[in-house]
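Every number here is computed from the coordinates shown, using simple stated rules; none is lab data. Please read these numbers as outputs of a predicted model, since none were measured by experiment. So basically every Cβ, Gly included, is an ideal-geometry build from the backbone, and we count neighbours across all protein chains shown.
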Amino acid sequence: MANILSTIILLFIVLTLSIMITKSLIVPAFVNYQYGLFNNTNFELKESRIPGLGLGLFTKRPRKKDEGLFVAISSKELVTSIGSKINHCPSIKTISANGRIAPASTILPNTYLSSTADKTTGEWWVIAARDLEAGEEITMDYTYTPKFIQKPNQDWKCEI
């Protein structure tokens, strides 16, 4: 009887550790690989700090105000894979629907989209609206996207 009980406990521990390793190491590595960010020294995808949004894009190093971070829209007017992972700042409706308060750093967008395409490449860049700390989630107000990009859901508008 003791052998069966110890075997069950050992299996439970192994299963629990396997789930924790998969969730914290394997899945994030796969997701970052899928978006071309595996071993990227600049950005990473991980669980968003904004309630109800899933994954978010985070900077791995400090950024200066007005620094161009990456191309969000290609010269063919298509959102890039990394551009598609920028979260909007949470609306009051989103915060209250989830019953949680969003971190102060996510309330206001910390980046913006260039107002016009780059004259030489035709690409649209995400630019830091203020100095960013390493580990900070990249957020943006989707309201001011170019005309050829579908306008955002009203719930995604930054209200502050």
What is the extension gain from Ser74 to Leu10, computed as 0.36 nm multiplied by their sequence separation minus the C-alpha to C-alpha distance, in nm to one decimal?
17.9 nm
Using the beta-carbon distance between Lys60 and Thr121 and R0 = 25 Å, what value does 1/(1 + (r/R0)^6) give for FRET efficiency, to the nearest 0.05?
0.55
Net charge near Trp124: determine it from the other residues with C-beta under 10 Å of the C-beta of Trp124, scoring Lys and Arg +1 and Asp and Glu -1.
-3
List residues of the range 52-75, by number, whose backbone nitrogen lies under 18 Å from a label position 7 Å along Cα→C-beta of Asp131.
59-69
